[in-house]
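Below: the structure, in structure tokens.
The values are calculated or read from the model by the stated rules, or taken from the named source; none is laboratory data. If you're wondering where the values come from, they're calculated on a predicted model, not measured in any experiment. Cβ atoms come from the backbone with ideal geometry, glycine included; neighbour counts cover every protein chain shown. Heads up: the accessible areas ignore ligands, DNA and RNA and are worked out on the full protein's heavy atoms, side chains in. Shrake-Rupley method; radii C 1.70, N 1.55, O 1.52, S 1.80 Å.
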Amino acid sequence: MRTSNHLIGLVNFLTFLLSIPILGGGIWLSSRANSTDCLRFLQWPLIVIGISIMVVSLAGFAGACYRNKFLMWLYLVAMLLIIAALIGFIIFAYAVTDKGSGRTVLNRGYLDYYLQDYSGWLKDRVSDDSYWGKISSCLRDSGACRKIGRNFNGVPETADMFFLRKLSPVESGCCKPPTDCGFSYVNETGWDTRGGMIGPNQDCMVWSNDQSMLCYQCSSCKAGVLGSLKKSWRKVSVINIVVLIILVIFYVIAYAAYRNVKRIDNDEPAGEARMTKSHPSHFHL
């Protein structure tokens, strides 16, 4: 009994430690939302799951320490629900960020982003005019494009230097015009539109050298936000998958230990079935 309780207590303590990277992932997504992605609603499920695991683990730990079978049973039920929620979250994260990626551009270090390369619920959510107004406002307020400028010993970088840079999806999609517009480089967020090729890409008409406008209303900016979300969520999902596997292993161990506690409390010797105990045989030779 004591050994099983100690095992359950240890498993709960380790589960509590595992909740830290999940909660940390949610907080990291939240910090990303404030500076780049600007989609604050997406990190909350992860934060809720992390806090839930912490609380449930503490309840299970208390149940093991005080030999409270109800708290241990509650831990097992709640943890099963949390594992199911984490599985659902991982599937959802991969499903909504499944399609779409940046396109390589000849003689450029950065990628260009196109909204038509993305599809599904997240694209529709980001593209919605009322919702995009909030996102674009957040991007302007966060100064996402102000940080793109570089100086070397007081000298601004040249066009060739800029073209070789590895820009983030938001920087590429929102802070410069699409490459196929053919605009001439002046600085990182300033482009000469004279002589540009105004083709099928409507973003070429939307681009503005006004620093409060830039390409915040471009489809490429929406695609850049989607690309940034995909990168962030995939990083967090890898951690979540590892944590999920460990959680399942711990759950199996805790369930086996709990079964052992119940068997000992019921005075069932190892290997003796409940049916045998309830209906002992009266057959005598």
- Query: Once region 115-260 is represented by equal point scatterers at the alpha-carbon sites, with solvent omitted, what log10 I(q)/I(0) does the Debye formula produce at q = 0.09, 0.11, 0.17 Å⁻¹?
  - Reply: -0.40, -0.53, -0.98
- Item | Ranking by accessible area, most exposed first, for Arg234, Arg165, Arg259 with a 1.4 Å probe | Arg259, Arg234, Arg165
- Item | Proximal lysines relative to Lys230, as straight alpha-carbon distance under 16 Å, when same-chain residues fewer than 8 apart are discounted | Lys99, Lys123, Lys222
- Task: May I ask you to give the solvent-accessible area per residue for region 80-136, in square angstrom, as obtained with a 1.4 angstrom probe?
- Result: 54
- Message: Counting only other residues whose beta carbon sits under 10 Å from that of Ala93, what net charge do I get with K and R as +1, D and E as -1?
- Response: +1
- Could you order Phe16, Phe61 by accessible surface area, starting with the largest, using a probe radius of 1.4 Å? Phe61, Phe16
- Item | Carbon plus sulfur fraction of accessible area for region 108-159, probe 1.4 Å, in percent | 47
- Message: I need the phi-derived Karplus couplings for region 174-189: 6.51 cos²θ - 1.76 cosθ + 1.60, θ = phi - 60°, integer Hz, Gly and Pro marked x.
- Response: 10, 9, 9, x, x, 4, 6, 6, x, 6, 8, 6, 10, 8, 4, 10
- Message: Cut-off under 14 Å on the C-alpha distance; same-chain residues fewer than 8 positions from Lys262 excluded. Which aspartates and glutamates are left, in chain and number order?
- Response: Glu272
- Message: Taking the Cα centroid of region 130-185 and of region 73-118, what is the distance between the two, rounded to the nearest whole Å?
- Response: 25
- Task: Estimate the FRET efficiency between Val252 and Arg146 by the formula 1/(1 + (r/R0)^6), using the beta-carbon distance for r and 51 Å for R0, to the nearest 0.05.
- Result: 0.50
